[in-house]
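Working notes, structure below.
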Amino acid sequence: MSFNVAIDGPAGAGKSTIAKKVAKELGFIYVDTGAMYRAIALYLLRNDIDCENEKQLEEALAHLEVAISYADGEQQVLLNGENITGCIRTEEVGQMASRSSAKPIVRAKLLELQRSMAAANDVLMDGRDIGTQILPDAQLKVYLTASTGARAKRRYLELREKGQECSLEEIEREMEERDYRDMNRETAPLRQAEDAVLVDSSDMTIQEVVDRIVELVKERSVWK
Ligand code: DC
């Protein structure tokens, strides 16, 4: 049987950075489900589709296929066969992903892909509803969070490092907006599963969080 770790939490909590490192240490596969929602969002943006228009959305979903592959251990996202991994990390795509992922038909489209990956592999899967909906029987669930201030500051420094002009206030505002929508939607809202371990990374280094999760995995498995 495969070993599944579910990591959920708000935007900018460091889920992907940390999950990637933990996966590498344990030899697990890292599955970034946010990237799948971003792939759908990119399709909607490219085709000028209004996700509030149910008919348009349904038709769009019938015309798109999301698939995952790995190159040098890095997850690649394919949209109708095109590798779009490099096109999905923008604020515009993130906001559209947050809006469209509130729609049950969008979530239903990705459910099987996510569950089948976890059934076939030892995975660290991150997202918003992994512990609550996708993998309710995961051997370990982690709810990774940090204060809004700490998350916004990290995102700000990350963007500045890439040479992008940005304002800390604007990042904080957009983050709060996205958190609110992700936590208050009707379908699969972001929340901590009852049996999830809460890790608040506000005052922790990346390595400290990685060590904590590796320790939790080892505690729950025969892993040596
Ligand atoms: O983690 P991220 O920023 O790449 O996710 C983008 C959006 O996708 C996020 O705002 C909400 C949505 N999402 C979701 O609803 N469920 C998931 N399992 C992962 C992401």
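The values are calculated or read from the model by the stated rules, or taken from the named source; none is laboratory data. Computed from a predicted structure; not experimentally measured. Heads up, the Cβs are rebuilt from the backbone with ideal geometry, glycines too, and the neighbour counts pull from every protein chain shown. Just the protein is used for accessible areas: all its heavy atoms, side chains included, with ligands, DNA and RNA removed. Shrake-Rupley method; radii C 1.70, N 1.55, O 1.52, S 1.80 Å.
The C-beta contact set for segment 109-130 (first residue closer than 19 Å to Val217 by Cα and assigned to a helix (DSSP H, G or I), second residue within 13 Å of the ligand (Cβ to nearest atom) and among the acidic types (Asp, Glu), distance under 9 angstrom, 6+ apart or interchain) comprises Ile130/Asp8. Taken together, the criteria exclude Ala193 from residues that are under 19 Å from the mean Cα position of the chain (by Cα) and over 20 Å from Gly34 (Cα atoms). The set of residues from segment 206-224 being surrounded by 13 or more Cβ atoms within 10 Å (Cβ to Cβ) and either β-branched (Val, Ile, Thr) or within 17 Å of the chain's Cα centre (by Cα) (or both) comprises Ile206, Val209, Val210, Ile213, Val214, Val217. Can you name every residue in segment 1-21 that is away from the ligand (no atom under 16 Å from the Cβ) and either open to solvent by 60 Å² or more (accessible area, probe 1.4 Å) or β-branched (Val, Ile, Thr) (or both)? Answer for segment 1-21, where residues must be away from the ligand (no atom under 16 Å from the Cβ) and either open to solvent by 60 Å² or more (accessible area, probe 1.4 Å) or β-branched (Val, Ile, Thr) (or both): Met1, Lys21.
Residue count for segment 61-104 satisfying the condition of being away from the ligand (no atom under 11 Å from the Cβ), part of a loop (DSSP other than H, G, I, E, B), more than 27 Å from Glu186 (Cβ to Cβ) and open to solvent by 30 Å² or more (accessible area, probe 1.4 Å): 4. Looking at Asp48, Asp32, just one residue is among the acidic types (Asp, Glu) and within 12 Å of the chain's Cα centre (by Cα), and that residue is Asp32. Looking at segment 159-176, which of its residues are without any contact (Cβ under 8 Å) to a residue 60 or more places away in the chain and within 24 Å of Val142 (Cα to Cα)? Glu172, Glu176 - these are the residues of segment 159-176 that are without any contact (Cβ under 8 Å) to a residue 60 or more places away in the chain and within 24 Å of Val142 (Cα to Cα).
Selection over segment 179-189 of residues that are open to solvent by 40 Å² or more (accessible area, probe 1.4 Å) and not in a loop (DSSP other than H, G, I, E, B) gives a count of 4. Could you tell me how many of the residues in segment 184-206 are in contact (Cβ under 8 Å) with a residue 60 or more places away in the chain and not basic (Lys, Arg)? Residues flagged as in contact (Cβ under 8 Å) with a residue 60 or more places away in the chain and not basic (Lys, Arg) within segment 184-206 amount to 11. Does Ala150 count as in a loop (DSSP other than H, G, I, E, B), farther than 22 Å from Ala102 by Cα and in contact (Cβ under 8 Å) with a residue 40 or more places away in the chain? The answer is no for Ala150. Determine whether segment 190-205 contains at least one residue that is assigned to a helix (DSSP H, G or I), at pLDDT 95 or above and either open to solvent by 90 Å² or more (accessible area, probe 1.4 Å) or within 13 Å of the ligand (Cβ to nearest atom) (or both). Among the residues of segment 190-205, not one is assigned to a helix (DSSP H, G or I), at pLDDT 95 or above and either open to solvent by 90 Å² or more (accessible area, probe 1.4 Å) or within 13 Å of the ligand (Cβ to nearest atom) (or both), which makes the answer no. Scan segment 39-60 for residues that are more than 16 Å from the ligand (Cβ to nearest atom) and surrounded by 14 or more Cβ atoms within 10 Å (Cβ to Cβ) and jot them down. Passing the criteria: Ile49, Gln56, Ala60. When the residues of segment 126-141 are filtered to those that are aliphatic (A, V, I, L, M) and within 8 Å of the ligand (Cβ to nearest atom), the one that is farthest from Glu58 (Cα to Cα) is Ile130.
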